[in-house]
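Remarks on the structure that follows.
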Amino acid sequence: MILMFGGEGFPVVRRMLTLADREEISRGLAESLEFRDIAVRIGRDASIVSREVARHGGRDRYRAVEAERAAGAARSRPKPMAVARCPQLLARVIEWLRRGWSPASIAGRVACDHVGRDACRVSHEAIYQWVYAQPVATLRRELVALRSGRTERRGPRPAPAPRIREPRYLDERPAEVEGRAVPGHWEGDLIIGKGGKTAVASLVERTSRFLILVPLTGRGTVMISV
């Protein structure tokens, strides 16, 4: 049973096809009925019947029991990975990975060897997902590896460190700062603790050498009023 919501926000219950519905579809196909006529028999929309028949072999190969079994397997969770759904496909993927083939090359070869057999075809992304889902110990025992040697998917690159907009350099300081004769000029610095887990900001008044230490909770930008 599928719960959907109509235009007014009220739930609309859509029941899934049953074995009895599929048997009625099979009988209608045997009688060479149109999809809309079969849909009237089971009280469903013609598009549902069309998708059901196309999904399970077409008009010539549709069978109610096989369609019911396939639909039940598709609803089961967790779903098997695409590479593992066909033992023959899994064996060939492992063999070609051992030979050093890339997932893209394997996917292309499988598509050529199994034209018209979707159950034994797989994409290169599905092969990557299967490899990354296996424990490292299992890959080593089976002598399976990607050509790159990676055993897990790399995450996105970290964002670049923020840059200071319109920076002011030490060479631009006024000359009176160097002589330390005029009070009121402060010099700041950042002290990083062991392992980068702690940080302290230091402020020194250049004339009196008065020191202020400000403990920080992080290494980001902070505003300090003196």
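None of the figures in this text is laboratory data; all of them are computed from the coordinates on show. Fair warning: this is a prediction, and the values are worked out from it, not measured in the lab. Note: ideal-geometry Cβ built from the backbone for every residue, glycine included; neighbour counts use all protein chains shown.
Summary of values
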read-out	value
Distance between modelled label sites at SER50 and THR217, nm, 7 Å Cα→Cβ extension	6.0
Stokes-Einstein diffusion coefficient of segment 82-141, Kirkwood radius over Cα pairs, 20 °C, 1.002 mPa s, in µm²/s	185
Point-to-point label distance, GLN129-ALA201, nm (Cα→Cβ direction, 7 Å offset)	4.8
Base-10 log of normalised Debye intensity for segment 14-75 (one unit scatterer per alpha-carbon) at q = 0.15, 0.30 Å⁻¹	-0.36, -1.56
Magnitude of the charge dipole, segment 14-75, Cβ model with Lys/Arg +1 and Asp/Glu -1, debye to 20	260
